[in-house]
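K.L.:
Once you've had a glance at the structure underneath, I'll fire off some questions.
The values are calculated or read from the model by the stated rules, or taken from the named source; none is laboratory data. Quick caveat, the model's predicted, so the values are computed rather than measured. Here the Cβ positions follow ideal geometry from the backbone for every residue, glycine too, while neighbour counts run over all protein chains shown.
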Amino acid sequence: MTALRTSAVWTTAAALASDTAPFAIRAERASDVAAREALLDASFGEGRHARTCQRLRDGRAPAEGLAFSAIRNGRLIGTVRLWHVSAGGVPALVLGPLAVDASCRKLGVGAVLMSHALAAAKARGHGAVILRGDAAYYSRFGFTAAKTGELSLPGPFERDRLLALELRDGALNDAWGMIVPTGSKARRPRPRVAPPARTAATRAA
Ligand SMILES: CC(C)(COP(=O)(O)OP(=O)(O)OC[C@H]1O[C@@H](n2cnc3c(N)ncnc32)[C@H](O)[C@@H]1OP(=O)(O)O)[C@@H](O)C(=O)NCCC(=O)NCCS
């Protein structure tokens, strides 16, 4: 499905034909967390936290400016994030999870999220993006296993599902060994503490 862009809002040929509401891609916001986590649970199941790629994200923040939400009718319908890693000593990004609400699939939302995220990563000067996923889907964005044969993940993975895209030619030429996280630590959400009640003494101070 071909996606068409009109200013900051993306819509698709299917959306135009069927009068479905268009969708927008914007930077992820802190307020997206509940809807994003619910979408990921629905898309990958509760066991998603045990997946190998999660070891590259545990306790880390996504790469600066590289977490996006797809919004339709004010509702979060898609998510994608990228993370700093070292690919055997070579700086790179790992992409994932990518998910689109089941009610909005096959409208091009996933493709637009991918294109937007990859363009943003390239604009920020990143050299390569790695992911674990189906080549049948990700090959349309240029991902192949050509540069991942010498790389491994910190857990079980299928060799033919470890894919990469060079945003800069040759960026992964010397990538050999374990992929490990290098992103900054995630900030813990602050507990909500009620302010102390004002007493006569504090009012007077
Ligand atoms: C994968 C996913 C993000 C695609 O989102 P989407 O908005 O439907 O994607 P698009 O509309 O851009 O593309 C849809 C096309 O990709 C195909 N596709 C989706 N997942 C695929 C897969 N795993 N392998 C091959 N093709 C796939 C669809 O069949 C569809 O094909 P068509 O255009 O010929 O009809 C979405 O299906 C999803 O969230 N799946 C569950 C989570 C998941 O598997 N994430 C990816 C991890 S590998």
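K.L.:
Please note which strands (runs of 3 or more DSSP E) are completely contained in the range 3-67 and include at least 2 residues that are within 16 Å of the ligand (Cβ to nearest atom) and either among the polar types (S, T, N, Q) or modelled with pLDDT under 95 (or both).
P.N.:
Output list reads 3-6, 9-12.
K.L.:
Moving to a separate point now. So residue 152 ticks every box in (1) among the small types (Gly, Ala, Ser); (2) closer than 23 Å to residue 61 by Cβ; (3) modelled with pLDDT of 95 or more; (4) away from the ligand (no atom under 15 Å from the Cβ) but one. Which box is left unticked?
P.N.:
Failed condition: (2).
K.L.:
Take the range 159-173 and flag every residue that is in contact (Cβ under 8 Å) with a residue 12 or more places away in the chain and part of a loop (DSSP other than H, G, I, E, B). Break it down into steps so the answer makes sense when it comes.
P.N.:
Quick first cut of the range 159-173, residues in contact (Cβ under 8 Å) with a residue 12 or more places away in the chain only: 159-168, 171-173.
Residues satisfying the conditions are 167, 168, 171, 172, 173.
K.L.:
Can I ask one more? Any residue that is over 24 Å from residue 178 (Cα atoms), surrounded by fewer than 18 Cβ atoms within 10 Å (Cβ to Cβ) and within 13 Å of the ligand (Cβ to nearest atom) - is there at least one of those in the range 77-98?
P.N.:
Checked the range 77-98: no residue is over 24 Å from residue 178 (Cα atoms), surrounded by fewer than 18 Cβ atoms within 10 Å (Cβ to Cβ) and within 13 Å of the ligand (Cβ to nearest atom).
K.L.:
For the list (1) at pLDDT 95 or above; (2) within 13 Å of the ligand (Cβ to nearest atom); (3) surrounded by fewer than 20 Cβ atoms within 10 Å (Cβ to Cβ), I need the number of the one condition that residue 70 fails.
P.N.:
(3)
K.L.:
I'd like to know if the range 178-193 contains one or more residues that are surrounded by fewer than 19 Cβ atoms within 10 Å (Cβ to Cβ), modelled with pLDDT of 95 or more, within 16 Å of the ligand (Cβ to nearest atom) and of a type in the set (Ser, Thr, Tyr).
P.N.:
no
K.L.:
So how many residues does the range 99-110 have that are touching a helix residue (DSSP H, G or I) at 6+ places or on another chain (Cβ under 9 Å) and more than 7 Å from the ligand (Cβ to nearest atom)?
P.N.:
2
K.L.:
Next question, about the same structure. In the range 112-149, what residues are of a type in the set (Gly, Ala, Ser), near the ligand (Cβ under 10 Å from one of its atoms) and buried (at least 16 other Cβ atoms within 10 Å of the Cβ)?
P.N.:
Residues satisfying the conditions are 115, 133.
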